[in-house]
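Reviewing the structure listed below.
The values are calculated or read from the model by the stated rules, or taken from the named source; none is laboratory data. Note that the coordinates shown come from a computational prediction; the quantities given were computed from them, not determined experimentally. Glycine gets a Cβ as well: all are built from the backbone with ideal geometry, and neighbour counts include every protein chain shown. The accessibility values were calculated without ligands, DNA or RNA, using every heavy atom of the protein model including side chains. Shrake-Rupley method; radii C 1.70, N 1.55, O 1.52, S 1.80 Å.
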Amino acid sequence: MTIFGGNRGYVGYSMSRRAANARNEGKFPKTDFKKEYGLSEKLFNILEDMGVIGVQEWHHTSMYGHRTNFYGWEDDEDLGIWNDRCKEIKALARKIKGLPRMSDYPITREGMDAYTVDCDRVHSENKVIVNGIKAIFGY
């Protein structure tokens, strides 16, 4: 770690020394965490909602000392499951569909009824997929 400008608490100008240590321990800001483990935003949110990953600590970053959350796996068992079955989990997450757009339906009573039915169908299909991911992690 190189210290610049006499600032002993920072590595370079953008990361505190404690933030650098957190990275060495496997904790990263959200964007870097997703890159490190190949997570999509959708899958990241599912795992966070399940409690498999979460904010472990925060650190000052940038030359302005912004507060940045650092994410990590809740326990080593969850990380082990991810390492063993990540391809299967990613394949399940890719099956999750977005909700239909209301603009794709006619502005009639029948159109709104069809929209509601399709939204309910997508919600139930997505719930089955998320339950499959939960089952992999034992939740």
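Things to note:
- Scope the stretch 28-50; condition closer than 20 Å to Phe137 by Cα and open to solvent by 30 Å² or more (accessible area, probe 1.4 Å); matching residues: Lys34, Glu36, Tyr37, Gly38, Ser40, Glu41, Lys42, Asn45, Glu48, Asp49
- Matching entry among Tyr105, Tyr115, Tyr139 (being of a type outside the set (A, V, I, L, M, F, W, C), touching a residue at least 60 places away in the same chain (Cβ under 8 Å) and over 30 Å from Arg18 (Cα atoms)): Tyr139
- Scanning the stretch 93-114 for residues that are more than 30 Å from Met50 (Cα to Cα), outside any helix (DSSP H, G or I) and open to solvent by less than 100 Å² (accessible area, probe 1.4 Å) turns up Tyr105, Pro106, Thr108.
- Every residue from the stretch 52-73 that is within 20 Å of Gly138 (Cα to Cα) and either free of Cβ contacts under 8 Å to residues at least 24 places away in the same chain or part of a helix (DSSP H, G or I) (or both): Gly54
- Exclusive hit being open to solvent by less than 30 Å² (accessible area, probe 1.4 Å) and either in contact with a helix residue (DSSP H, G or I) (Cβ under 8 Å, 6 or more places away or on another chain) or at pLDDT 95 or above (or both), set Cys119, Cys86: Cys119
- Out of Val130, Val55, one residue alone is under 29 Å from Ala20 (Cβ atoms) and surrounded by 12 or more Cβ atoms within 10 Å (Cβ to Cβ). It is Val55.
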